[in-house]
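Novice: This is the structure I have questions about; it appears just below.
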Amino acid sequence: MKYSKEEVIQYVREEDVKFIRLAFCDVFGRQKNISIMPQELSRAFEYGIAIDASAIAGFGDENHSDLFLHPEADTLVPLPWRPEHGRVVRMFCSITYPNGKIFECDTRSILKNAIQKAKIAGYQFFFGAEQEFYLFKLDDNGNPTREPYDNATYMDIAPEDKGENIRREVCLTLEQMGIQPESSHHEEGPGQNEIDLRYSDPLTAADNAMTFQTVVKTIARRNGLCADFSPKPLEDKPGNGFHINISVKSSDDADNMKYLIAGILDKIADMTVFLNSTESSYCRFGSNKAPKYISWSSENRSQLVRIPAAVGEYRRVELRSPDPAANTYLIFALIIYAILDGIENKLEPPASTDLNLYKADADTLASFEQLPGNLKSACAVAANSSFIKKNIPDAILDIYCNR
C-alpha cells in the first residue's frame with residue numbers, strides 16, 4: 001500500500017508505532033538508518049532530519065557535514081520481526097543539503113533521475129532481482145565462521161538442504177512487507193541459497209533488493225546463523241551473483257529487445273566497477289556460471305547476457321555479471337542509461353554465442369572481449385568513460401576509483 005504523509009502520521013498513531021527508521025545508503029550501497037520517535041515525524045516530513053554525514057563513506061568531511069533526510073511516505077513498511085506493541089516502521093529517504101538541494105551522492109535520487117529521463121523519452125522499465133547468499137554457522141561467541149550451514153548442492157531438498165526453513169521464513173516476512181518472492185531454492189555452493197523477487201518498476205525493485213538483504217541477515221541471525229552476500233565468501237566454491245532481469249515498454253509498443261541487449265553489451269565494461277565493486281568480485285568471473293566474456297545468447301548460462309525461456313510479459317533480458325555487494329540504485333540507473341543509449345542510437349548487438357564458453361578452446365575465446373579482470377582495470381575503464389562521466393557524479397566516480 002502506498003501511503004500519503006497524512007496517512008503515515010495516522011498509521012503511526014493508530015498502530016502503536018514507537019520508532020520510525022529513516023533509511024538510506026552510502027555510495028557503496030550499505031544501508032544506514034536513524035530512528036526517530038513519533039513526535040518528530042511531522043518535522044521530518046516538513047523540514048527533514050539532520051545527520052552528521054562526515055562519518056559516512058563518500059558523504060563529505062567535517063567542513064560540510066550536515067545533510068538532511070526526507071522520508072518518502074509511500075515507502076512506509078512495518079518491520080515484522082519487531083514487537084507488535086511499540087512497533088517499528090521504516091521509510092526510505094531522499095538526502096539534501098541544508099539549502100534543500102539534492103545531495104549528489106544520494107544514489108536513490110540518481111535512479112529517480114534515470115527513471116524520469118526514460119519516461120520523458122517514452123520508455124518504462126521493469127527489473128527483477130535474483131540474489132544469492134551463503135548461510136554460515138556462528139562460533140561460541142556469536143561471531144561468523146566460514147563453516148557452511150549445510151553441504152547440499154543445487155536444488156537439493158531436506159534433510160541435505162538445511163536452509164529451507166530459513167528461506168521459508170524470509171519469504172513469509174517479505175510478503176508481510178508487501179514484497180513478492182517468486183521462488184527460492186538451494187544453490188550450488190554448500191550453504192548457498194537463492195531467492196528471486198517478482199519484477200517491478202526500477203525504484204521499487206531497488207528498494208526491495210535493499211530490504212531483501214536486511215530481511216535475510218535478520219532472519220539468519222534469529223536462527224543462530226550469518227547470511228553472507230559478499231561476492232566470493234569461499235575461495236574454491238561458487239560466488240554470489242546478483243542476476244538482474246530487465247524488460248522495457250515503449251509508448252509506441254516497439255520491440256526494443258535487440259537494442260536493449262546491444263546497449264548493455266556496449267557499456268558493460270564502463271559500468272563494471274559499479275556492478276562489481278570489490279576486489280573479490282573479480283574472483284567470480286569465468287567459473288560456476290559467472291560470466292567472463294562480453295557475449296549474449298538465448299538461455300545459455302555461460303553468457304554475460306541471456307534471454308531466459310519465457311513468453312509475453314515475462315520475456316526479458318538477464319544480466320549475469322553483477323554481485324550483491326553492488327549499490328542497486330547506481331547499477332539500475334546505469335543499466336537504464338545504457339539501454340536508452342542502445343535504443344536512441346539503434347545499436348546492433350553482435351551475433352549470439354550459442355556455445356559453452358566455459359568449455360571453449362583458447363582460439364575461440366580469443367575472439368571475445370573480456371570484462372575487466374580486476375578492480376584496478378575496472379576503475380581505469382570507468383575513469384576514461386564519457387558514458388560514466390555523463391551519468392555518474394564526479395564525486396562518486398572519484399570515491400570508487402580512489403579508495
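The values are calculated or read from the model by the stated rules, or taken from the named source; none is laboratory data. Bear in mind that the values here come from a model prediction, so they are computed numbers and not experimental data. Because the Cβ atoms are built from the backbone with ideal geometry, glycine has one as well, and the counts that use them run over all protein chains shown. Accessible surface is based on the protein model in full, side chains and every heavy atom, while ligands, DNA and RNA are left aside. Shrake-Rupley method; radii C 1.70, N 1.55, O 1.52, S 1.80 Å.
Novice: Exactly one of these conditions fails for Asp106: (1) open to solvent by less than 10 Å² (accessible area, probe 1.4 Å); (2) free of Cβ contacts under 8 Å to residues at least 12 places away in the same chain; (3) not β-branched (Val, Ile, Thr). Give me its number.
Specialist: Against the list (1) open to solvent by less than 10 Å² (accessible area, probe 1.4 Å); (2) free of Cβ contacts under 8 Å to residues at least 12 places away in the same chain; (3) not β-branched (Val, Ile, Thr), Asp106 comes up short only on (2).
Novice: Can you tell me which of (1) at pLDDT below 95; (2) touching a strand residue (DSSP E or B) at 6+ places or on another chain (Cβ under 6 Å) is the one Arg403 doesn't meet?
Specialist: Failing condition for Arg403: (2).
Novice: Please go through the range 161-193 and pick out each residue that is farther than 16 Å from Lys137 by Cα, touching a strand residue (DSSP E or B) at 6+ places or on another chain (Cβ under 8 Å) and assigned to a loop (DSSP other than H, G, I, E, B).
Specialist: Met177, Gly178, Ile179, Gln180, Glu187
Novice: Go through the range 202-233 and give me each residue that's farther than 22 Å from Arg284 by Cβ and over 13 Å from the mean Cα position of the chain (by Cα).
Specialist: Within the range 202-233, Val215, Thr218, Ile219, Arg221, Arg222, Asn223, Gly224, Leu225 qualify.
Novice: Being of a type outside the set (A, V, I, L, M, F, W, C) and assigned to a loop (DSSP other than H, G, I, E, B) is the filter; apply it to the range 145-160 and report the residue that is least open to solvent (accessible area, probe 1.4 Å).
Specialist: The selected residue is Asp150.
Novice: Here is a further query. So in the range 161-177, with the set limited to residues that are charged (D, E, K, R) and surrounded by 17 or more Cβ atoms within 10 Å (Cβ to Cβ), which one is farthest from Asn193 (Cα to Cα)?
Specialist: Glu169
Novice: Additional query: Looking at (1) within 11 Å of Glu132 (Cα to Cα); (2) more than 19 Å from the chain's Cα centre (by Cα), which one does Glu164 not meet, given that it meets all the others?
Specialist: The one condition Glu164 does not meet is (1).
Novice: Also, quick follow-up: Tell me, which helices (runs of 4 or more DSSP H) lie completely within the range 274-390 with 3 or more residues that are under 30 Å from Gly189 (Cα atoms) and open to solvent by 20 Å² or more (accessible area, probe 1.4 Å)?
Specialist: Where helices (runs of 4 or more DSSP H) fall fully within the range 274-390 and carry at least 3 residues being under 30 Å from Gly189 (Cα atoms) and open to solvent by 20 Å² or more (accessible area, probe 1.4 Å), they are 362-365, 375-383.
Novice: Filter the range 182-221 down to residues that are in contact with an Asp or Glu (Cβ under 8 Å, 6 or more places away or on another chain) and open to solvent by 30 Å² or more (accessible area, probe 1.4 Å), then give me how many there are.
Specialist: Of the residues in that region, 4 qualify.
Novice: Of all residues being assigned to a helix (DSSP H, G or I) and either open to solvent by less than 40 Å² (accessible area, probe 1.4 Å) or of a type in the set (Val, Ile, Thr) (or both) in the range 69-84, which is nearest to Thr211 (Cα to Cα)? Just the residue, please.
Specialist: The residue in question is Thr75.
Novice: Can I ask one more? Residues in the range 229-250 that are out of contact with any Gly (no Cβ under 6 Å at 6 or more places or on another chain) and open to solvent by less than 20 Å² (accessible area, probe 1.4 Å): how many?
Specialist: Counting residues in the range 229-250 that are out of contact with any Gly (no Cβ under 6 Å at 6 or more places or on another chain) and open to solvent by less than 20 Å² (accessible area, probe 1.4 Å) gives 9.
Novice: Only one of these is touching a helix residue (DSSP H, G or I) at 6+ places or on another chain (Cβ under 9 Å), open to solvent by less than 20 Å² (accessible area, probe 1.4 Å) and not aliphatic (A, V, I, L, M): Phe59, Phe19. Name it.
Specialist: Exactly one residue qualifies, and that residue is Phe59.
Novice: Could you check how many residues of the range 85-144 are part of a strand (DSSP E or B) and within 22 Å of the chain's Cα centre (by Cα)?
Specialist: Counting residues in the range 85-144 that are part of a strand (DSSP E or B) and within 22 Å of the chain's Cα centre (by Cα) gives 22.
Novice: For Asn256, are the conditions met, namely being surrounded by fewer than 24 Cβ atoms within 10 Å (Cβ to Cβ) and at positive phi?
Specialist: It is false that Asn256 is surrounded by fewer than 24 Cβ atoms within 10 Å (Cβ to Cβ) and at positive phi.
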